[in-house]
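Following: one structure in structure tokens, then a few remarks.
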Amino acid sequence: MPNTPSRDRGTARPQTTGSLPITVWFPAPYQPNAVPAPGRVLPDWAIEKIHAEFTHRPGHLPTPLLTLSIGDTEPGMDARTPCTTHTDTADGTMDRPAVLLAELHPDALPVGPLTPAASEMPGAMENGWPGFFHRAHRLMPADGLLLLATRQHRDAGGLTDPLGSLIACARTAGFRYLQHIVIAHTHPAEDRLVPNPPTDAAPGVTHSDLIVLTAIHHV
């Protein structure tokens, strides 16, 4: 599928001084499947756009995109997480993933804070999201990109936004927050956009969030 630069299919809204811009991505009019597959967070068009824009960075060789579809954070989650590699190289090989996309299904999102208990040892051996971020950081090279795709979920009758807790936990593991991209779940119809949310999304949710982080390694 052809891809166009962000400025053609998205808009950036500058925030207050010192903050990062929010970019909005919309599906193209010719996009036939704008809804994510059941159990997934992002539609195919958004994953293809991520591959086009983040695996071909200036000054870097094209790198594969490793996609994880995370459905739970119970012990042993790594063994149950489906993994897909998107690559432009002939052999599809890579040493360490420079671009890692983790789709965090709303059912796997934390209800409370992600801060580990005082008795736990922080690091890759932890369960849940704290351990996942530490393991992802250990896996990635310096300046590697971790992209978190998720959306709001309903908790106690209200919508809960998990981004603050996830970003804080990622920073603790050694990632730096770069950008927030909004993936609109809409369908173009003539001169307007019609909401087209995922079938398993909470009522009232018409977009997903993509958080871009980079791995920091101190030497």
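The values are calculated or read from the model by the stated rules, or taken from the named source; none is laboratory data. Keep in mind that what you see is a predicted model, and the values were worked out from it rather than measured. Please note that ligands, DNA and RNA were not included when accessible areas were found on the heavy atoms of the full protein model with its side chains. Shrake-Rupley method; radii C 1.70, N 1.55, O 1.52, S 1.80 Å.
Odds and ends about this structure:
- Across the protein chains, with a 1.4 Å probe defining accessible surface, the residues 190, 103, 53 rank 190, 53, 103 from largest area downward.
- Multiplying the residue separation of residue 160 and residue 178 by 0.36 nm and removing their Cα-Cα distance gives an extension gain of 4.3 nm.
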